[in-house]
1. Please list 3J(HN,Hα) in residue order for the range 7-20, calculated via the Karplus relation 6.51 cos²θ - 1.76 cosθ + 1.60 where θ = phi - 60°; whole Hz, with x for glycine and proline.
2. Mean separation of Cα pairs under 8 Å and 6+ residues apart, divided by the residue count of the chain: what relative contact order is that in percent?
3. So, R0 is 22 Å and r is the distance between the beta-carbons of N79 and K28; what FRET efficiency does that work out to, to 0.05?
4. Mind checking which of Q100, Q40, Q58 has the largest fluctuation in a GNM of the chain, springs on alpha carbons under 10 Å?
5. Please enumerate, by chain and number, the aspartates and glutamates with C-alpha under 16 Å from the C-alpha of K37, excluding those fewer than 8 residues away in the same chain.
6. First select every other residue whose beta carbon is under 9 angstrom from the beta carbon of T69; then total the charges, Lys and Arg +1, Asp and Glu -1.
7. Of all chymotrypsin sites (Phe, Trp or Tyr not before Pro) in the range 5-113, which ones are in loop regions per DSSP and have a Cβ with at most 14 other Cβ atoms within 10 Å?
8. Under a 10 Å cutoff between Cα atoms, tell me which one of L89, L17, L36 has the largest fluctuation in the Gaussian network model of the chain.
Amino acid sequence: MDEEHHHLSLCEAVVLLENTEEVANFLKDLCTPQELKALQERWEVCQLLDDGKLSYRQISKQTGCSTTTIGRVSRFLNNEPYKGYRNLLDKIKKEKKDVQKNIEAIVSNGTTM
């Protein structure tokens, strides 16, 4: 099998995971603790960069990541064509907005939970 097939096979496996617990267990099996830590750090950096409130140095201090890693995450977040970070961040933001709209509708209708 070639590298592209292995990549697609992994992606197809991830898509089949149904909830956070399944994803967490799969990642624990798949990754070493250090690899998992690196993934978690990159995701935290991505969210902090998207928030736009901290400089690279402040993010480095908060996360322990190097400014090189922060620059790489920033490049993929903002410039690379894959848009993996951006797509997921946008989905999360949309979900939060939808939840907020539902809460506001419940409050404005005087409905209690």
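1. Going residue by residue, I get 4, 5, 4, 5, 4, 4, 5, 5, 4, 6, 5, 9, 7, 4 Hz, with x marking Gly and Pro.
2. Contact order relative to length: 14 percent.
3. 0.10
4. Highest fluctuation among the options: Q100.
5. Excluding near neighbours in sequence, the set is D29.
6. Residues close to T69 contribute a combined charge of +1.
7. Y82
8. L17
Read-outs throughout are calculated quantities, based only on the coordinates presented, and are distinct from any laboratory measurement. From a predicted model like this one, the values you see are computed outputs, not experimental measurements. Please note: Cβ atoms are built from the backbone with ideal geometry, for glycine as well, and neighbour counts cover all protein chains shown.
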